[in-house]
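Undergrad: The structure under discussion is supplied below as structure tokens; questions concerning it will follow.
Values in this text are rule-based calculations from the coordinates and carry no lab data. Computed from a predicted model, the values in this text were never measured in an experiment. Here Cβ is always computed from backbone atoms with ideal geometry, including for glycine, and neighbour counts include all displayed protein chains.
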Amino acid sequence: MGDEEDDPPLAVQIDQPTSTAPQDDDVSVGVTVITGYLGAGKSTLVNHILNSHHGKRIAVILNEFGEEIGVERAMINEGDGGALVEEWVELANGCICCNVKHSLVQALEQLVQRKERLDHILLETTGLANPAPLASVLWLDDQLESAVKLDSIITVVDAKNLRFQLDEHRSSSSFAEAYHQIAFAHITRLEALLEESHSLSTQKLHDSGVRTLCICETRQVDVDKVRSWLEEILWDKKYGMDVYRCKGVLNVNNSNQLHTLQAVREIYEIVPARDWKKEEKPMNRIVFIGHNLNENILTSSLRACATC
Ligand SMILES: Nc1nc2c(ncn2[C@@H]2O[C@H](COP(=O)(O)OP(=O)(O)OP(=O)(O)O)[C@@H](O)[C@H]2O)c(=O)[nH]1
């Protein structure tokens with residue numbers, strides 16, 4: 001038997017030009033959709049891209065639910081010497097797959113009007129978005145035509161929680177979202193997961209009973225108290241809430257640094273991220289996503305972590 005017959009067959013002929021190779025006369029701006037379930041690592045990937053030294057000018061479109069607006073952006077560090085973030089566009093009031101298609105088209109139009117200055121657009125979806133309607137917006141929208149092109153859909157998968165997400169939510173709509181995100185991906189990236197007080201309104205996402213809410217507290221908090229508070233909620237299920245995801249920024253006493261709080265199911269971390277910017281008012285702002293969330297309990301128990 002000859003050497004050639006022993007070689008494994010190639011899934012793709014490597015000598016064939018790929019259809020996605022850029023053409024000289026191709027003036028459209030590539031859009032990479034970054035999707036993946038709650039807490040899979042989408043923002044981490046965006047951060048990594050923005051902070052890499054490739055010299056590209058990149059616009060970021062964040063698709064967040066109303067309650068999350070501002071939190072996500074505060075948590076992403078713009079590239080320093082790496083990518084230049086030309087525009088931040090936040091799409092509020094829902095999920096792209098449900099009702100913000102129009103805003104997405106407007107955001108893309110606004111960005112491509114200045115396309116000579118942009119090399120690429122990143123679109124980070126919410127963790128509960130189905131990327132299929134996005135692909136159709138990018139392929140079929142008449143207004144956008146050849147101004148933008150769908151470069152790729154990258155689905156970030158949390159290797160630790162994927163089985164749980166697919167098994168436990170098989171009968172709910174969040175199963176469908178996790179499944180569609182993987183099914184529509186060009187690239188699937190497996191991430192090993194890390195080990196004056198007021199609150200905003202709750203909102204129901206899709207029909208799955210999963211809710212998101214944001215609680216705020218302006219006074220500085222004691223970080224040890226916050227840790228105990230989170231452990232009671234996430235580990236002891238003290239208040240009977242089923243929290244899938246929790247993220248936010250903290251105003252910690254004896255520190256002039258913005259701290260980020262990240263939790264994916266029972267695993268959480270609180271870390272100093274950066275100095276507060278002059279234009280920012282230091283405060284605590286935490287988004288919870290899950291079932292049976294009780295806004296009053298979360299608000300009052302966070303208040304108890306304040307230092308004065
Ligand atoms: N150990 C480890 N932790 C990771 C990795 N990627 C992300 N994380 C952590 O996982 C948590 C969630 O990451 P994010 O990037 O905010 O996840 P996301 O997909 O944007 O989350 P949503 O905003 O809920 O959709 C953070 O605490 C990250 O530091 C990884 O590859 N390894």
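Undergrad: Amide H of ARG265 versus every other amide H placed in the peptide plane: which residues, excluding those fewer than 5 positions away on the same chain, fall under 5 Å?
TA: Excluding prolines and chain starts, which carry no amide H, the hits are ARG245, CYS246.
Undergrad: Can you order the peptides 277-287, 244-254 by their average number of other Cβ atoms within 10 Å per residue, highest first?
TA: For the peptides 277-287, 244-254, the packing ranking is 244-254, 277-287.
Undergrad: Beyond 26 Å between alpha-carbons counts as too far, so tell me which of LYS247/LYS277; LYS42/LYS160; LYS160/LYS277; LYS238/LYS281; LYS160/LYS247; LYS225/LYS247 fall in that bin.
TA: LYS160/LYS277; LYS238/LYS281
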